[in-house]
Amino acid sequence: MSPLRTPVAAAPAAGAEIELKLALPAGGGAALLRKLAVVPALARVAPVRQQLHNQYFDTPAQDLRARRAALRLRRVQGAGAGEQWLQTLKTADAELSALSQRGEWETPVPGPALQPKALRAAPPWRRLDPDGTLLAALQPCFTTDFERTCWTLHQRGGVVIELALDQGLIHAGGCSAPIAELELELLAGPPEALFRLAAQIARRVPVLPLSASKAQRGFALAQGLLDAPRRARPPVLGARPLLQDLAAALLGETFDQFCTNLHGLLDADHPELVHQARVGWRRWRSALRLCLPDLSLPQPTWPGLEPLLGLLGELRDLDVACTQTLPAAQGAYVDGSPTRAADWERTAQAFQQAAAVQRKAVRLALQEPMTGQALLGLVQWIAALPQAAPATPRPARRWARQRTERLHQRWKKAQRKASDPASLHRARLLAKRLRYTIEALQPLLPGATQRWHAQALQAQEQVGRLRDVHMAALLAARLQAPAEVVAFLRGMAAAWEQTVLPEEAVD
């Protein structure tokens, strides 16, 4: 994909922080430092190492978190400066992206205690806590401890970037989680300079775009939700959004759902992470088809993601068979027979082992440099969306209704023409697109579209069950399950097909 220009700024404004955050799926350590040392931009720059201890604060009701703010005390040791304490208030933007623009107000303080006077001097605090209620309720929430290896890079055109490698732990409620990430902070110059440096790094080091800050991950760890599946969150829109605002919010949110669940898959085995990663990707593709014809941007490409996407699809098929199709069919097949019960147990174990092997393959694919390079290219494409506005501002509400009505008509036509499993599958894909579109654009659509949503969901689920049984039979044969089990699953699929296909197609 050819490079795109992101919104240009001569330098971050006072109190602002522009940062690109990258997770390191293969972890850190000395080997990582050796790989970073040969990145051209870093080869002649001596890094500085510091030990950082951070205590985060919020109210018992997590009022700061709810308002997208974070407050911490940081102890800095190393770099020849002895020990230093810093009090920092951060406010986050509304976007969900590895590229973030946040407010940051940092003040040196004498020790490990909050300084109310310095906090009240930060402009956003006066808006967050005008009467002092929040300040009185603040309490420690969690800590982070990590080593920071930092490079300050001076590049052509007055560009200055601080690259920080953070390796350590988050501690919350007796639990801990690793920190292994890169932060590229823009000190001067245009934001596309961050992507140029990230591209150099991604050619040598596996990376994944990461939208969650350490504060967000700390709160999730404290609540036992660190690797919880990330589900769809339709973007919050103003009363009269323009098309480019809608596109940026929708494409950013769907891509974040995809990337966040990929990150969770590195450490957690929950099948729902796989499902929600694929839902996020399908929602992204659906939003892209919806918005791209009216945006002045080239079609993005992602060949480097195809191996990962294929592995995710295969893993999802195995997970569905293990957790849904086989358990639902077990009673009908076994029917009290010990011999059939033993055959079924062997089949179930074969599926579970295959899923475990496939999950390892997905994790290996997440550690391939080409995966990170492809994802970074899409992050940069999304960051360019504010420049994709049409010459004449276009209100999103009428556009959303027209697009949804057109998609509804296409789905109904495909449904009427469905006469075999292949055409049924094509109609099901359109039903999914219609469902995702209505869910994303719901605040802009008339109430009648909710009936379309219910109809599309019902059709999708009905045909989806047929596909699941077909796939279970195919996988059982591939895994050399007992012939009787394979025949039974094929019979189930044939029975489902008769209930889903139109009568004239069955005859």
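The values are calculated or read from the model by the stated rules, or taken from the named source; none is laboratory data. Every value quoted in this text rests on a predicted model; they were computed, and no experiment measured them. FYI the Cβ positions are ideal-geometry reconstructions off the backbone, even for glycines, and counts take in every protein chain you see.
Per the listing Leu364, Leu375, the residue uniquely without any contact (Cβ under 8 Å) to a residue 40 or more places away in the chain and either of a type in the set (S, T, N, Q) or closer than 30 Å to Asp468 by Cβ (or both) is Leu364. Of all residues in the range 135-146 being among the polar types (S, T, N, Q) and surrounded by fewer than 18 Cβ atoms within 10 Å (Cβ to Cβ), which is nearest to Trp85 (Cα to Cα)? Looking at residues that are among the polar types (S, T, N, Q) and surrounded by fewer than 18 Cβ atoms within 10 Å (Cβ to Cβ), I get Thr143.
For beta carbons closer than 8 Å, sequence separation of 6+ or different chains, a first residue in the range 398-413 that is part of a helix (DSSP H, G or I) and a second that is of a type in the set (Asp, Glu), the qualifying pairs are Trp399/Asp294. Tallying residues that are surrounded by 18 or more Cβ atoms within 10 Å (Cβ to Cβ) and either part of a helix (DSSP H, G or I) or on the phi > 0 side of the Ramachandran plot (or both) within the range 477-496 yields 7. Considering the range 199-220, and only residues there that are crowded, with 20+ Cβ neighbours inside 10 Å and more than 15 Å from the chain's Cα centre (by Cα), the residue that is nearest to Ile382 (Cα to Cα) turns out to be Ala202. Quick one: is Ala98 in contact with a helix residue (DSSP H, G or I) (Cβ under 6 Å, 6 or more places away or on another chain) and closer than 18 Å to Lys214 by Cβ? So Ala98 fits the description; yes. You will find that of Leu32, Leu42, the residue that is closer than 21 Å to Thr149 by Cβ, in contact with a Phe, Trp or Tyr (Cβ under 6 Å, 6 or more places away or on another chain) and not in a strand (DSSP E or B) is Leu42 and no other. Inclusion of His275 among residues that are touching a strand residue (DSSP E or B) at 6+ places or on another chain (Cβ under 9 Å), crowded, with 18+ Cβ neighbours inside 10 Å and not small (Gly, Ala, Ser) is not warranted. Pairs meeting the criteria (first residue in the range 423-435 and in the same structural domain as Glu405 (by TED's automatic domain parsing), second residue part of a helix (DSSP H, G or I) and among the β-branched types (Val, Ile, Thr), beta carbons under 8 Å, at least 6 apart or on different chains) are Leu424/Val463; Leu424/Val500; His425/Val463; Ala427/Val463; Arg428/Val463; Ala431/Val463; Leu434/Thr404. Annotation note: of Gly252, Gly224, Gly313, Gly238, the sole residue that is out of contact with any His (no Cβ under 7 Å at 6 or more places or on another chain) and at positive phi is Gly224. Going by the conditions given, is Val379 touching a strand residue (DSSP E or B) at 6+ places or on another chain (Cβ under 9 Å) and either in a helix (DSSP H, G or I) or at pLDDT below 95 (or both)? So Val379 passes the test.
Checking each residue in the range 243-299 for being without any contact (Cβ under 8 Å) to a residue 12 or more places away in the chain and among the basic types (Lys, Arg) picks out only Arg285.
For the range 62-87, a residue qualifies if it is over 26 Å from the mean Cα position of the chain (by Cα) and assigned to a loop (DSSP other than H, G, I, E, B), and the qualifying residues are Ala79, Gly80, Ala81, Gly82.
Per-residue answers, yes or no, for (1) in contact (Cβ under 8 Å) with a residue 40 or more places away in the chain; (2) touching a Phe, Trp or Tyr at 6+ places or on another chain (Cβ under 6 Å); (3) of a type in the set (Lys, Arg):
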site: Cys141; (1), (2), (3): yes, yes, no
site: Thr144; (1), (2), (3): yes, no, no
site: Cys150; (1), (2), (3): yes, no, no
site: Ala177; (1), (2), (3): yes, no, no
site: Leu186; (1), (2), (3): yes, no, no
site: Ser211; (1), (2), (3): yes, no, no
site: Asp227; (1), (2), (3): yes, no, no
site: Ala239; (1), (2), (3): no, no, no
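Looking across the range 171-215, the residues that are assigned to a strand (DSSP E or B), of a type in the set (Gly, Ala, Ser) and touching a helix residue (DSSP H, G or I) at 6+ places or on another chain (Cβ under 7 Å) come down to Ala172, Ala177, Ala188. Under the condition of being out of contact with any helix residue (DSSP H, G or I) (no Cβ under 9 Å at 6 or more places or on another chain), modelled with pLDDT of 90 or more and either buried (at least 17 other Cβ atoms within 10 Å of the Cβ) or not basic (Lys, Arg) (or both), the residues counted in the range 386-411 number 2. Restricting the range 89-134 to residues that are among the acidic types (Asp, Glu) and touching a Gly at 6+ places or on another chain (Cβ under 7 Å), the residue that is surrounded by the fewest Cβ atoms within 10 Å (Cβ to Cβ) is Glu104.
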